[in-house]
Amino acid sequence: MYFTLTGINHHSAPIEVRERAAINTEALPAALLRLRQYAPHSIILSTCNRTEIYAAGPHAADVSGACTRYLRDALQVTEGSLATYIYTASGEALFRHLCSVACGLDSMVIGEYEVLGQVRQALTAAEKAGMVNLPLRHLFEGAIRSGRRAREETGISKNALSISSIAVNKALAIITDISNAKIIIIGAGEAGRLALRIARSRGAGGLVVVSRTEQRAVGLAVQYGARPVSHDQLIAEMRDADIVITCAASPHPVLHYKQVSEAIDGRSGLPLVILDIAMPRNVEPSVQELPGVHLYNIDDLNHIAEGHRLERETEVRAVERIIGEEVAMLLKWWQSYNARPVIKSLMQRAEQIRSKQYGRSVKKLPALSGEERQAIDLLTRSIVDKILREPIMFLKSGAGKDGSEVISRLFGLDDESEP
Ligand SMILES: NC(=O)c1ccc[n+]([C@@H]2O[C@H](COP(=O)([O-])OP(=O)(O)OC[C@H]3O[C@@H](n4cnc5c(N)ncnc54)[C@H](OP(=O)(O)O)[C@@H]3O)[C@@H](O)[C@H]2O)c1
């Protein structure tokens, strides 16, 4: 059994490429159904920093090739350009990578809380689609455990930032009068909620929240003292806005050039700052050409996140130690899992020999009582168990493919002839 990872993330590709592979919660079930045709046992992890496919199968090259084809089709790029953006991993490197992701070390904002929940959700969604086998579940559970330990045993997520908080901080740094500034937040999911919470705690007065579903906007507005607004009113609301933060989980832009152009008409050059933290982006990139409009996307906030990373170097080392322990446990389990077929044939072979020899012997000793037969039966079983103990321990403790071959040869496991 092999594990493979095929992915694209904020280290490997620019936003305009990453957003083509991004899959939101709504679209995930359909994406999994498509992926199933390529790799029946696989999990998609799509967050604002990455889209990754974790797959398990009997042939590494087949599984990896299938996932690469899936991503190539999703990104609609040629084989050549795909190689520039994607990365692959297997074995220990894959374990380490997934644990780093779950711990928040691979995120643009180091130690972010949200990613651990997203790893859990990825596992749940693939389970619902019937695509998770035992090895994949074990792998993800190990990574989730490492993520939980990192948060409980280290300070990696203590006062950790999020993309939402970075966006709000950037917005508030631009505004002179926070209490009177008008800040519109488009999107009432987790990212929107975080943005509202932080903006409110920093004293922002004129908060407006926009969502496709009115009820959702109203819910957050009540909680954080904002004004709920529908998409239909958005352009009118933007006419006197200072900042717009967009974080709707929409697969298409929700703010187009024409709409923003209409909104800024008559503002007499008053600047409008738009922070688009959605993946894929919510705002058409051409909007930045409009006079007075300052548009930032998630990658533009990277340098702020980088400063945050440098502050957490000591915690990073502590989390790396946890990852090392969890990876060692995963490796041990995986080696023992892979040794199962050889262990099974070894035990079957030994039992074949034992039962045959036992049968022959008791035939020659017809005077044996039932009790004596049972004693001999138990004795032979315990001798076999003792002889097999060491080879089984050897196989379980990471003998690998070579070790399995040695055991197979020594015990004649491929030999079809009668024992
Ligand atoms: N979660 C984070 O910490 C985080 C961090 C950085 C960036 N982001 C990015 O922010 C965005 C939202 O993430 P989230 O975690 O908050 O997701 P989420 O909880 O699923 O967001 C739901 C919000 O998106 C709206 N929405 C969904 N589909 C839409 C569509 N087709 N058109 C217009 N609005 C739509 C929903 O409207 P309804 O009212 O109709 O439900 C709701 O307001 C994503 O692009 C994500 O990559 C998230």
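Just so you know, all these numbers are worked out from the coordinates, no wet-lab data involved. Values in this document were obtained by computation on a predicted structure and should not be read as measured data. When we count neighbours, we look across all protein chains shown, and the Cβ atoms used for this are built from the backbone with ideal geometry, even at glycine.
Need one number: nm distance between label points at Gln121 and Met329, each 7 Å from Cα along Cα→Cβ, rounded to one decimal. Result: 2.6 nm between the two label points. Mind checking which of Thr124, Asn49, Thr88 is farthest towards the positive end of the stretch 1-160's charge dipole, using Cβ charges of +1 (Lys, Arg) and -1 (Asp, Glu) about the Cα centre? Most positive-ward Cα: Thr124. Placing R0 at 51 angstrom, the Cβ-Cβ distance between Arg381 and Leu33 gives a FRET efficiency of 0.55 after rounding to 0.05.
Taking 0.36 nm per residue of sequence separation and removing the Cα-Cα distance, the Arg202/Gln288 pair yields an extension gain of 28.2 nm. For the stretch 377-391, the residues whose backbone nitrogen is under 19 Å from a point 7 Å from the Cα of Ser408, taken along Cα to Cβ, are 391.
Between Asn133, Asn302, Asn159, the GNM of the chain built on Cα springs shorter than 10 angstrom shows Asn159 fluctuating the most.
Our note on the geometry: Cα centres of the stretch 326-380 and the stretch 81-112, 43 Å apart. The label point for Asn133 and the one for Asp265, both projected 7 Å from the Cα toward the Cβ, are 6.0 nm apart.
From largest to smallest, the equivalent ellipsoid semi-axes obtained for the stretch 1-143 from the alpha-carbon gyration tensor read 19, 19, 15 Å. Past the 26 Å Cα-Cα mark, which pairs from Lys128/Lys344; Lys344/Lys401; Lys344/Lys386; Lys158/Lys182; Lys182/Lys258; Lys356/Lys386? The pairs that break the limit, which is 26 Å between Cα atoms, are Lys128/Lys344; Lys158/Lys182. As a calculated quantity, the FRET efficiency between Glu152 and Glu372 at R0 = 60 Å, using C-beta atoms, amounts to about 0.55.
Can you find, among Pro271, Phe411, Cys103, the residue sitting farthest towards the positive end of the charge dipole of the chain, where Lys and Arg contribute +1 and Asp and Glu -1 at Cβ? Highest projection toward the positive end goes to Phe411. Helix-only arithmetic for the chain: the sum of -39500 (n - 2.57) across DSSP H runs with n ≥ 4, divided by the residue total, places the mean residue ellipticity at 222 nm at -18000 deg cm²/dmol. The calculated FRET efficiency for the pair Glu190 and Ser355, based on their C-beta separation and a Förster distance of 60 Å, comes to about 0.50. The magnitude of the dipole of the stretch 163-305, with charges of +1 and -1 set on the Cβ of Lys/Arg and Asp/Glu and taken from the Cα centre, is near 460 debye. Dipole magnitude for the chain: about 1380 debye, using +1 per Lys or Arg Cβ and -1 per Asp or Glu Cβ, origin at the Cα centre.
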